[in-house]
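Below is one structure, written out as structure tokens; the observations come after it.
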Amino acid sequence: MLQNRLYYAQPNCKDFTANILKQTKDEEDKTYIILNQTAFYPTGGGQPHDTGTINGVKVTDVVEVDNEIRHYMATPLESTGEVHCVIDWERRFDHMQQHAGQHILSAAFVELLNLETVSFHLGKSLVSIDLDASDISNEQLQAVENLANNIILENRPIDVKWVTENELSAYPLRKEIQATGEIRLVIIPDFDYNGCGGTHPESTGQVNGLKILSVEKHRGQTRVHFVCGRRILQQLHDKTAVVKEASRLLSAPEEEIGQAIEKLLANNHTLEKSIKEKDELLLQCEAQELIQAQQDSVIAVNFENCSIQQLQKLARLIAAESNDLTVLLAAENDDKLQFVAAKGSLVDASMKTISTAILPKINGKGGGSDAFVQGGGELTMSAENLIEMMKATLKS
């Protein structure tokens with residue numbers, strides 16, 4: 001019977017003895033053990049599995065397959081009879097706090113906003129529920145969080161009852177239960193009645209507290225991220241460390257970090273604007289120098305570490321200034337080879353012929369018009385050699 005399993009019958013069991021019924025390997029050659037009884041909780045219902053040791057050997061995973069609970073081991077056991085099992089209680093109790101907190105939070109959303117929980121995920125650092133709602137206001141979130149913490153502070157009992165489907169009508173269930181046979185109800189009196197196969201503490205007070213951290217839109221629903229119990233202290237510790245470091249880097253008191261960041265962003269915007277203006281001026285000067293130095297109708301130059309955006313601007317500046325010139329530019333950027341070809345309005349040749357000829361040579365991609373093309377590909381040759389190929393294509 002399900003209710004006789006130790007993790008249900010004795011949820012606070014931290015260590016126990018059991019007999020090995022079977023030690024074998026699965027289809028992936030992983031060793032697992034079947035015990036005659038177990039307090040190791042298998043993954044299920046949104047709650048992760050327990051870990052711990054059996055005769056000092058680490059239990060890495062616990063899953064239920066065909067009504068058997070498999071204890072996956074880091075290494076095979078030499079024992080064949082009775083073994084001593086120890087639960088990683090810090091991990092188990094954390095899961096109990098988070099799972100009970102989820103029940104309380106979900107019930108609070110139903111109580112105040114009539115919003116059902118669609119799914120639940122208990123992660124390593126955060127817990128989340130998905131709600132059947134497209135939007136929830138900050139004021140509503142605060143009200144729900146306050147109600148959840150009030151239930152926790154009241155230290156209400158968390159009861160467990162095993163019932164049959166015929167007995168379900170006697171309870172005001174939060175949502176319909178599809179299970180048959182042995183049905184396990186987790187009850188917070190006068191607040192939440194819910195079918196659940198997870199582990200929970202004995203009272204809401206053991207959850208300690210609940211904090212909603214953030215919300216996000218997810219497939220038309222609202223995902224709420226939160227933490228309970230010890231995880232609140234860990235979140236506070238982590239965020240305090242971040243705030244202290246930000247305060248140090250900004251040379252500002254913690255309460256003035258927001259203003260300091262706004263000032264920093266404003267200064268950064270001003271600097272970016274100034275740099276952009278200077279870059280534009282430098283490109284204009286370079287365009288004039290190339291025009292003045294040109295000896296025929298083609299300006300062909302190769303660069304190193306010159307972005308495709310800079311190549312584009314330089315080519316357009318030259319073509320706009322001198323309508324009888326053709327501009328061929330190429331650059332080596334890390335492991336890429338990039339190019340631009342442009343022409344003035346009086347030039348007859350089509351720049352497409354250039355890109356069509358050279359893109360296969362560099363396994364590249366590109367495109368454009370008769371007046372302007374661009375592209376890039378692998379560094380199969382130097383930028384200088386690419387320029388020579390572009391010039392030869394133009395002549396032919």
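The values are calculated or read from the model by the stated rules, or taken from the named source; none is laboratory data. This is a predicted model, so every value here is computed, not measured. Note that we place each Cβ from the backbone using ideal geometry, even for glycine, and neighbour counts take in every protein chain shown.
Given the criteria among the aromatic types (Phe, Trp, Tyr), not in a strand (DSSP E or B) and not assigned by TED's automatic domain parsing to the domain that holds Gly101, does Tyr8 qualify?
Yes, satisfied.
As an exercise: evaluate Pro11 against (1) modelled with pLDDT of 95 or more; (2) in contact with a His (Cβ under 8 Å, 6 or more places away or on another chain) and give the number of the one condition it does not meet.
(1)
Which pairs turn up if I take residues in the stretch 1-21 that are more than 18 Å from Ile34 (Cα to Cα) and free of Cβ contacts under 8 Å to residues at least 40 places away in the same chain and look for partners that are outside any loop (DSSP other than H, G, I, E, B) and not hydrophobic (A, V, I, L, M, F, W, C) with beta carbon separation below 8 Å, at least 6 apart in sequence or on another chain?
Filtered contacts from the stretch 1-21: Ala9/Gln3.
Could you look through the stretch 38-60, keep only residues that are modelled with pLDDT of 95 or more and outside any loop (DSSP other than H, G, I, E, B), and pick out the one that is surrounded by the fewest Cβ atoms within 10 Å (Cβ to Cβ)?
Filtering first and then ranking leaves Lys58.
Quick check on Thr326: is it of a type in the set (Val, Ile, Thr) and either without any contact (Cβ under 8 Å) to a residue 60 or more places away in the chain or on the phi > 0 side of the Ramachandran plot (or both)?
For Thr326, the condition - of a type in the set (Val, Ile, Thr) and either without any contact (Cβ under 8 Å) to a residue 60 or more places away in the chain or on the phi > 0 side of the Ramachandran plot (or both) - is not met.
Out of Val118, Val110, Val127, report the one residue that is more than 26 Å from the chain's Cα centre (by Cα) and of a type in the set (Val, Ile, Thr).
Val110
How many of the residues in the stretch 226-263 are charged (D, E, K, R) and in contact (Cβ under 8 Å) with a residue 24 or more places away in the chain? Working first, answer last.
Going residue by residue through the stretch 226-263, those that are charged (D, E, K, R) are 230-231, 238-239, 244-245, 248, 254-256, 262-263.
Applying the additional criterion that residues be in contact (Cβ under 8 Å) with a residue 24 or more places away in the chain yields 230-231.
Final tally of qualifying residues: 2.
Say we look at the stretch 165-224 and pick out the residues that are among the aromatic types (Phe, Trp, Tyr) and part of a loop (DSSP other than H, G, I, E, B); which of these is modelled with the lowest pLDDT?
Looking at the filtered set, the residue picked out is Tyr171.
Being of a type in the set (D, E, K, R) and under 13 Å from Thr53 (Cβ atoms) is the filter here; which residues of the stretch 77-91 pass it? Steps first, answer last, please.
Pass one, the stretch 77-91, residues of a type in the set (D, E, K, R): 78, 82, 88, 90-91.
Across the stretch 77-91, the qualifying residues are Asp88, Arg91.
Conditions (1) in contact with an Asp or Glu (Cβ under 8 Å, 6 or more places away or on another chain); (2) farther than 27 Å from Lys217 by Cα, marked per residue:
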{"position": "Ala133", "(1), (2)": "no, no"}
{"position": "Pro157", "(1), (2)": "yes, yes"}
{"position": "Thr180", "(1), (2)": "yes, yes"}
{"position": "Asn194", "(1), (2)": "no, no"}
{"position": "Gly197", "(1), (2)": "no, yes"}
{"position": "Glu202", "(1), (2)": "no, yes"}
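Determine which member of the set Asn267, Asn302 is touching a residue at least 60 places away in the same chain (Cβ under 8 Å) and within 47 Å of the chain's Cα centre (by Cα).
Asn302
Being under 25 Å from Ile212 (Cα atoms), of a type in the set (Gly, Ala, Ser) and surrounded by 11 or more Cβ atoms within 10 Å (Cβ to Cβ) is the filter here, so list the residues in the stretch 229-257 that pass it.
Correct list: Gly229, Ala246, Ser247.
If you check Glu64, Glu82, which single one turns out to be charged (D, E, K, R), closer than 30 Å to Gln206 by Cα and outside the structural domain of Gly197 (by TED's automatic domain parsing)?
That would be Glu64, the only listed residue that is charged (D, E, K, R), closer than 30 Å to Gln206 by Cα and outside the structural domain of Gly197 (by TED's automatic domain parsing).
Given Glu90, Glu165, Glu154, Glu111, which one is in contact with a helix residue (DSSP H, G or I) (Cβ under 9 Å, 6 or more places away or on another chain), more than 25 Å from Phe40 (Cα to Cα) and loosely packed, with under 15 Cβ neighbours inside 10 Å?
None of the others qualify; the one that does is Glu154.
Tell me, which residue of the stretch 380-396 that is surrounded by 15 or more Cβ atoms within 10 Å (Cβ to Cβ) and in contact with a helix residue (DSSP H, G or I) (Cβ under 8 Å, 6 or more places away or on another chain) is farthest from Ile299 (Cα to Cα)?
Among them, the one singled out is Met381.
Would you pick out the residues in the stretch 320-345 that are buried (at least 24 other Cβ atoms within 10 Å of the Cβ) and either closer than 18 Å to Glu280 by Cβ or among the small types (Gly, Ala, Ser) (or both)? Can you show your working first?
Of the residues in the stretch 320-345, the ones buried (at least 24 other Cβ atoms within 10 Å of the Cβ) are 326-330, 337-343.
Within the stretch 320-345, Val327, Leu329, Ala330, Val340, Ala341, Ala342 qualify.
Being within 16 Å of Ile308 (Cα to Cα) and exposed (fewer than 15 other Cβ atoms within 10 Å of the Cβ) is the filter here, so list the residues in the stretch 353-378 that pass it.
Hits for the stretch 353-378 are Lys365, Gly367, Glu378.
Working carefully through the options Ile158, Ile177, Ile152, find the one that is free of Cβ contacts under 8 Å to residues at least 40 places away in the same chain, in the same structural domain as Ile104 (by TED's automatic domain parsing) and of a type in the set (A, V, I, L, M).
Ile177
I'd like the residue in the stretch 273-298 that is surrounded by 15 or more Cβ atoms within 10 Å (Cβ to Cβ), touching a helix residue (DSSP H, G or I) at 6+ places or on another chain (Cβ under 7 Å) and not acidic (Asp, Glu) and, out of all such residues, is farthest from Leu328 (Cα to Cα).
Among those that are surrounded by 15 or more Cβ atoms within 10 Å (Cβ to Cβ), touching a helix residue (DSSP H, G or I) at 6+ places or on another chain (Cβ under 7 Å) and not acidic (Asp, Glu), it is Leu283.
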